[in-house]
Amino acid sequence: MAKNDWGECKDCKWWQIEPDAVVANLTMGLCIDEELQPFLLRVSGNSGCNRFMPGEVARAEGSSVAPPTAKPTR
Ligand code: SF4
């Protein structure tokens, strides 16, 4: 896979954070990429992967707790 497919969660449409959270490197949230949803992957803003998709982050209560309790909103 091309290296330029890689991006950071804070710029990814599959990153879901708390309704009032700031989009920042150390903010924690849930990855709601469809393939990764079964893993309840909790990631920080400066985490990233090559399933990155640029876009606005999603928001839902319970996205940052360990383990996340929020349902994917997309
Ligand atoms: S882990 Fe990958 S797909 Fe999930 S939010 Fe972060 S960059 Fe996006």
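Which residue is nearest to the chain's Cα centre (by Cα), if the candidates are limited to the range 1-17 and must be charged (D, E, K, R) and outside any loop (DSSP other than H, G, I, E, B)?
Per the stated criteria, the residue is Lys10.
Would you pick out the residues in the range 18-41 that are in contact with a strand residue (DSSP E or B) (Cβ under 6 Å, 6 or more places away or on another chain), more than 10 Å from the ligand (Cβ to nearest atom) and outside any loop (DSSP other than H, G, I, E, B)?
Met28
Residues that are at pLDDT 95 or above, near the ligand (Cβ under 8 Å from one of its atoms) and surrounded by 13 or more Cβ atoms within 10 Å (Cβ to Cβ): does the range 60-72 have at least one?
The answer is no, given that none of the residues of the range 60-72 is at pLDDT 95 or above, near the ligand (Cβ under 8 Å from one of its atoms) and surrounded by 13 or more Cβ atoms within 10 Å (Cβ to Cβ).
Taking the range 42-52, which residues are more than 7 Å from the ligand (Cβ to nearest atom) and either under 8 Å from the mean Cα position of the chain (by Cα) or free of Cβ contacts under 8 Å to residues at least 24 places away in the same chain (or both)?
Arg42, Ser44, Gly45
Which condition breaks for Pro38 when tested against (1) surrounded by 11 or more Cβ atoms within 10 Å (Cβ to Cβ); (2) without any contact (Cβ under 8 Å) to a residue 12 or more places away in the chain?
All conditions pass for Pro38, except number (1).
The values are calculated or read from the model by the stated rules, or taken from the named source; none is laboratory data. Please read these numbers as outputs of a predicted model, since none were measured by experiment. Note that each Cβ is placed from the backbone with ideal geometry, even for glycine, and that neighbours are counted across all protein chains shown.
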